[in-house]
Amino acid sequence: MGKPMGFLEYDRADGVSVPPLERIKSFHEFHIPLSEKKQRIQGARCMDCGVPFCQSARMIAGMASGCPLNNLCPEWNELIMSGNWKLAYERLDKTNCFPEFTARVCPALCEEACTCDLYGEAVTSKANERAIIEHAWRAGYIKATPPKTRTEKKVAVVGSGPSGLAAAMCLNRRGHKVTVFERNDRIGGLMRYGIPNMKLEKWVIDRRINLMKEEGIEFVTSVDVGVDVYAEQLLKDFNRVLLCCGASNPRDIKVKGRQLAGIYFALDFLRSVTKSLLDSNFADHHYIDPRGKHVVVIGGGDTGNDCVGTSIRLGAKSVTQLEMMPRPPLQRAETNPWPQWPKIEKTDYGQEEAIAVFGHDPRIYQTTVTEYIGDNRGKLKQIEIVDLKQKKDEKTGRMIMAPVEGSGRKIPADLVLIAAGFLGSQNYVTDAFDIKVNSRTNVLTSDNKYETSLPRVFTAGDMHRGQSLVVWAIWEGQQAAKAVDESLMGYTNL
């Protein structure tokens, strides 16, 4: 596990980021990795900790601690330290279908559970993962490996996000004939149109998809299952159907004035921007344009931050981000010890850019919108916001965020982007298959199972577990593939 005492000998060093005022000039990725020589030194910092929480994926206080994929971080950290990049890739490939995705967009649960992080700085496992997979692509370790034999079983995967792609890869390698249906014009699901280019450039997705095509997976785009293709037809044409359609129902903020022009869901905004970028480098102007506008993002999290960074790149006049909850502490509270996920304030790339451009943090904590205000043409021009405070609900006994009387005020807003999370799967898909959902509209299955209430139909990813991370979606896809395979063959060797 790395070099004995290496964590004392070497300091943590991560790749550098292009400065905010420079990187906002384009939609390119802006993290510059370390050289392979320097990355090997970072691998040497991995300590012989005995109990590697980094790879454990233990649920502590309701949140995951460590990698959900059980990535063998200590093993490949040691291998890159010794320069054995090929074996490091082989160990990484045993657990993770798509390291090039997680190495870019995962919040690095492995690092937050790293033993070095208890009293010092975590090992750069996320950057090490990226170094391994990119070295593997360059060195030619990654080649198409179609299955030598086919089972003659056919599986339809509906949705080409990380869960659908992970399941498709596993089932194809098992020898089943896999067809992936995607309602958008390009493969990738949320990774394609929900994650901005500066976090995940789309050639990274295309590179992997091309390999999967070589391995025999068929991709069908611009086909909306439940609309363009009936569920009955899929069940007739395929032995099994796996639904990986995501949690696509956005949570709305329905207050007075919601009908005004200029109010959009965050994902609609991000999707329009990325599609226009890919189609024409914005020449078609077919996107929700924040240029010269006062932009208000309602909601925090990754999606809210992505809206901030995207709006700045497209020339917003100002950007304000409303967060309902209180500002988190800068350091772990006593009630949030390691190796729990740290509930601390983090300034992401979008907020960094807003600070550089506008001179202040765009976030306003403990506040929400109470009214959208328009002009006489029905266009948004202002919003009214109010401060919130924590108090106990007398009926339920739970802590809630309640308005502070007399704190209402108006701020300029020409464009509002609602990034308040997602409520679950979309009704038209679940209705088409007549499958049961739970109270959160996630597709209902037995505990730790993936088959739905309709025989031969399975589910995985956000559609199953609710809005979550790419790394959890990959894990779900892998587990669902095992369930589908066992259903088809009576056993599974995945």
For this session: Would you please give the residues with an amide H less than 5 Å from that of VAL297, counting only those at least 5 places away or on a separate chain, with H modeled from the backbone geometry?
Result: THR320, GLN321, LEU322, LEU417
Exercise. Given 0.36 nm per residue, what is the gain on full extension from SER26 to HIS285 after removing their alpha carbon distance, in nm?
Worked result: 91.6 nm
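What FRET efficiency comes out for ASP447 versus LEU494 if R0 is 22 angstrom and r is the Cβ-Cβ distance? Round to the nearest 0.05. Each step should come with its number before you reach the end.
Values: r = 20 Å, r/R0 = 0.93.
Using R0 = 22 Å, I get an efficiency of 0.60.
Given a Förster distance of 51 angstrom, what is the FRET efficiency for MET5 paired with GLN259, based on the Cβ-Cβ distance and rounded to 0.05?
Details: r = 64 Å, r/R0 = 1.26.
E(calc), rounded to 0.05, equals 0.20.
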Seminar exercise, completed: Karplus-derived 3J(HN,Hα) from phi for the stretch 5-20 (6.51 cos²θ - 1.76 cosθ + 1.60, θ = phi - 60°), whole Hz, x at Gly and Pro, runs 6, x, 5, 8, 7, 10, 7, 5, 9, 10, x, 8, 10, 4, x, x
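Using a 1.4 Å probe, what is the accessible area per residue for the stretch 290-351, in Å²?
Values: 2660 Å² over 62 residues.
Accessible area per residue: 43 Å².
Counting Lys and Arg as +1 and Asp and Glu as -1, each charge on the Cβ, what is the dipole of the stretch 283-325 about the Cα centre in debye, to the nearest 20? It would help to have the intermediate numbers written out before the result.
Values: 4 positive and 5 negative charges, 49 e Å.
Dipole of the stretch 283-325, to the nearest 20 debye: 240 debye.
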Exercise. Relative to the present Cα-Cα distance, how much length would full extension add between ILE364 and ARG251 at 0.36 nm per residue of separation?
Worked result: 38.7 nm
Exercise. Sorted by accessible area with a 1.4 angstrom probe, largest first, how do ASP11, ASP306, ASP237 fall?
Worked result: ASP11, ASP237, ASP306
Exercise. Out of these labelled values of semi-axes √(5λ) of the Cα gyration tensor in Å, [x] 38, 32, 19; [y] 35, 30, 23; [z] 42, 29, 18, which was calculated from the coordinates shown here?
Worked result: [y]
Seminar exercise, completed: Taking the dipole of the chain about the Cα centre (Lys, Arg +1; Asp, Glu -1; charges at Cβ), the one of LEU118, LEU235, LEU92 that reaches farthest to the positive side is LEU235
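How much of the accessible area of the chain, in percent, comes from carbon and sulfur atoms when a 1.4 Å probe is used?
50
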For this session: Could you pull out the longest piece of the chain with no exposed loop GluC sites (Glu not before Pro) in it, calling a site exposed if DSSP puts it outside H, G, I, E, B and it has at most 10 other Cβ atoms within 10 Å?
Result: 153-333
For this session: Heads up, I need the accessible area for THR492: 1.4 angstrom probe, whole protein in place, Å², nearest 10.
Result: 50
Problem set entry | the chain, relative contact order [Cα under 8 Å, separation at least 6], % | 16
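Given 0.36 nm per residue, what is the gain on full extension from GLU405 to ASP375 after removing their alpha carbon distance, in nm? Mind dumping the intermediate values first?
On the way: separation 30, 0.36 × 30 = 10.80 nm, distance 2.64 nm.
Gain on extension, GLU405 to ASP375, equals 8.2 nm.
Taking the Cβ-Cβ separation of LYS392 and THR347 as r and a Förster radius of 35 Å, what is the calculated FRET efficiency to the nearest 0.05? Walk me through the numbers before you get to the answer.
Working: r = 31 Å, r/R0 = 0.88.
Taking R0 as 35 Å, the efficiency between LYS392 and THR347 is 0.70.
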Exercise. Taking chymotrypsin sites (Phe, Trp or Tyr not before Pro) as exposed when DSSP calls them loop (any state but H, G, I, E, B) and at most 13 other Cβ atoms lie within 10 Å, what is the longest stretch of the chain free of them, the sites themselves excluded?
Worked result: 231-490
For this session: Under 17 Å from a label point 7 Å along Cα→Cβ of LYS38: give me every residue in the stretch 115-150 with its amide N that close.
Result: 123-132, 135
Exercise. What size of dipole, in debye to the nearest 20, comes out for the chain about its Cα centre when the only charges are +1 on Lys and Arg C-beta atoms and -1 on Asp and Glu C-beta atoms?
Worked result: 280
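The values are calculated or read from the model by the stated rules, or taken from the named source; none is laboratory data. Remember, predicted model here, so these are calculated numbers, not experimental data. Heads up, the Cβs are rebuilt from the backbone with ideal geometry, glycines too, and the neighbour counts pull from every protein chain shown. For the accessible areas, the whole protein counts, side chains as well, though only heavy atoms, and no ligand, DNA or RNA atoms are used. Shrake-Rupley method; radii C 1.70, N 1.55, O 1.52, S 1.80 Å.
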